[in-house]
Amino acid sequence: MMLKIVPIAILLTSISVFPASAANGADTGMATATFAGGCFWCMEPPYDELDGVLSTTSGYIGGEKADPTYHEVSAGNTGHAEAVQVSYDPTKISYEKLLEVFWRNVDPTVKDRQFCDIGNQYRTGIFYHDDEQKRLAENSKSQLESTKSFPAPIVTEIVAAGKFYPAEDYHQDYYLTNPLRYKFYRYNCGRDKRLSELWDPKS
C-alpha cells in the first residue's frame, strides 16, 4: 500500500505473533487457503463475510527471506507477495467458492501490480496447499479463461504454498480498526472501479 496515505509512524505498533495455520488439518476440522490479490487489507473483507470462514490473516508468502518485515516486502526486495491466509471449515464452504471470491476481487490481467500498487509484491497468486487445491485452482483458471468477457489474458500464478509469515499487528483487520483510512485508500486506488469494469461491465 502507499505509505504516503497511511503514515507508518502513525501505524507502527508491536509485531504480530499469530501462529501460521496448518495446511489442511483434517483432525481439527479446519482447512487453509492462501491468496495474493494485491493489498492484503482489501482481501480480508470479502472472505470475512462468508459463512464457513473462521479467520483471515494478512501476511507475506512466496519470497526468499525469513521473517520479512512490511518495510522489506513493500520495497520489493524479498520476493514475497502480500497475501491473505484463510482458515475455513470445508464442511460449510468449499474451496471452489473461495476461488470464485478470489477471482472477483482481483484484476488477473496485469503482472506485478494491482490497481495503484506496483511491484511484484502486489502480484496475484493462488498458493495451493495440496494436490486437490492445485487441481481445483487450475480448473477454475481454465474455466475463467474460456468464459471471461474481457480480452486480456489471465496472468495470475498458481504455485505451491511455502512459508507464510503473518504481517505486523497493525495490518490485521485494518478495514475494521481504521475504516476511514481504509476506505480512503481503497477509493483512491481505484480498486472498485476496475473490479466493476472487469466483472460487472454492464452495471
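Every number here is computed from the coordinates shown, using simple stated rules; none is lab data. What you see is a predicted model, and the numbers here were worked out from it, not measured in a lab. In this analysis, Cβ positions are derived from the backbone assuming ideal geometry, glycine residues included, and neighbour counts consider all displayed protein chains.
Just report the Cα centroid separation between region 24-100 and region 173-203, whole Å.
18
Using modelled amide H (1.01 Å from N, peptide plane; none on Pro or chain starts), what sits under 5 Å from the amide H of Ser55, excluding residues fewer than 5 places away?
When sequence neighbours closer than 5 places are left aside, the close amide H contacts are Ser87.
Report relative contact order for the chain in percent, whole number only (criteria: Cα-Cα under 8 Å, sequence separation at least 6). Walk me through the numbers before you get to the answer.
Working: 361 pairs, mean separation 57.0, N = 203.
28 percent.
Looking at the chain as a GNM with Cα springs under 10 Å, which of Ile61, Ile158, Ile126 has the largest mean-square fluctuation?
The residue with the greatest mean-square fluctuation here is Ile158.
Select from Ala81, Ala160, Ala66 the residue whose mean-square fluctuation is largest in a Gaussian network model of the chain (Cα-Cα springs shorter than 10 Å).
Ala66
Within region 50-126, report the GluC sites (Glu not before Pro) that DSSP leaves as loop and that have at most 16 other Cβ atoms within 10 Å.
Glu64
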